[in-house]
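> My structure is below; once you've seen it, I'll send some questions.
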Amino acid sequence: MHITYHGLSCFKIVAKTEGRGSSDVTIVFAPYDKKLGLRPPQGNADAVLIPHPDAMFNNSDILRGNPIVINRPGEYAVKGVNIVGKDTPADHRGGEDRGNATIFIIDIEDIKIAYLGAIGMDLTPEILDTVIGADILFIPVGDTYGIDAKTAEVLARKIEARLIIPMQYKVKGLKVSTLHNEKDFCDEIGNCPKRKEDKLVLKAKDIENKKMEVILLNVV
């Protein structure tokens, strides 16, 4: 599995499908409008996951290959990959400001991914049960409208993922005034690495003995 970060909440994952004659599957999360100052991912995709209709998370038109666009709760299968979407408020006023967001749970290459998209508050016990023990957790840590650094840290400890990848924070070139950098979350969680990686390449066996290891990725 190859994971690259494109800023905001946008990631590209390229992985192998299951079964005989497996092939690559490309999943893009939350492609954004280029007017926000960064260069969104280009190229083909098999699936595009949209956690919220805001321009920070919703620009599937830039991707080629006629991808399946998933932008609401439900159960889906794309090239043998199981994807589950769950609704949750997108702001800390219970959805009054930004409505609801969709989180995604993906099973791929024997790895369970929990992608928390544009969440704005702690998860309900019912939804929390679906993400506890995830292998990889993508969690927003710097959005003024979303969860703050302390809430993100507490939630990450509840989920106890093997790997934690922060997202939705301020980076160079980004024209969004409502984001903070990742430092506050790193201060809360206490184990952020000193350097960022350009890409994360892994298999299930590589992370089976890890627990709550934070990975910071450069924007590519």
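Just so it is clear, none of the values below were taken in a lab; they were calculated from the coordinates. None of these values were measured; they are calculated from a predicted model. Cβ coordinates were reconstructed from backbone atoms using ideal geometry, including for glycine residues, and neighbour counts include every protein chain displayed.
> On a straight-distance basis, which lysines could pair with LYS170 in a cross-link, Cα separation under 24 angstrom, same-chain partners fewer than 8 positions away excluded?
Leaving aside lysines fewer than 8 places away in the same chain, those within reach of LYS170 are LYS12, LYS34, LYS35, LYS150, LYS183, LYS194, LYS196, LYS199.
> Sticking with this structure for a sec: For LYS205, give me every one of the lysines with a C-alpha distance below 16 angstrom, ignoring sequence neighbours fewer than eight places off in its own chain.
Counting by Cα, and skipping residues close in sequence, LYS205 has these lysines nearby: LYS16, LYS112.
> Kirkwood Rh over alpha-carbon pairs of the stretch 140-220, then Stokes-Einstein at 25 °C and 0.890 mPa s: what D in µm² s⁻¹, rounded to an integer? Intermediate values should be presented prior to the final figure.
Values: Rh = 13.4 Å.
The Stokes-Einstein estimate is 183 µm²/s.
> Going from the alpha-carbon gyration tensor of the stretch 74-220, what semi-axes, largest first and in whole Å, does one get by taking the root of 5 times each eigenvalue? It would help to have the intermediate numbers written out before the result.
On the way: eigenvalues 96, 83, 42 Å².
In descending order, the three semi-axes are 22, 20, 15 Å.
> A further question follows. Work out the P(r) tail for the stretch 33-119: percent of alpha carbon pairs separated by more than 18 Å, whole number. Provide the component values of the computation, followed by the final result.
Details: 1805 of 3741 pairs.
Cα-Cα pairs in the stretch 33-119 separated by more than 18 Å: 48 percent.
> Add -39500 (n - 2.57) for each DSSP H run of 4 or more in the chain, then divide by its residues: what number comes out at 222 nm, to the nearest 500 deg cm²/dmol?
Numbers: 4 runs with 29 residues, N = 220.
One gets -3500 deg cm²/dmol as the mean residue ellipticity at 222 nm.
> Order these peptides, 95-106, 197-208, 47-58, by their mean beta-carbon neighbour count within 10 angstrom, highest first.
47-58, 95-106, 197-208
> Report the Cys residues of the chain lacking a disulfide-compatible partner, meaning no second Cys Cβ under 4.7 Å from their Cβ.
Cysteines of the chain left without a disulfide-compatible partner: CYS10.
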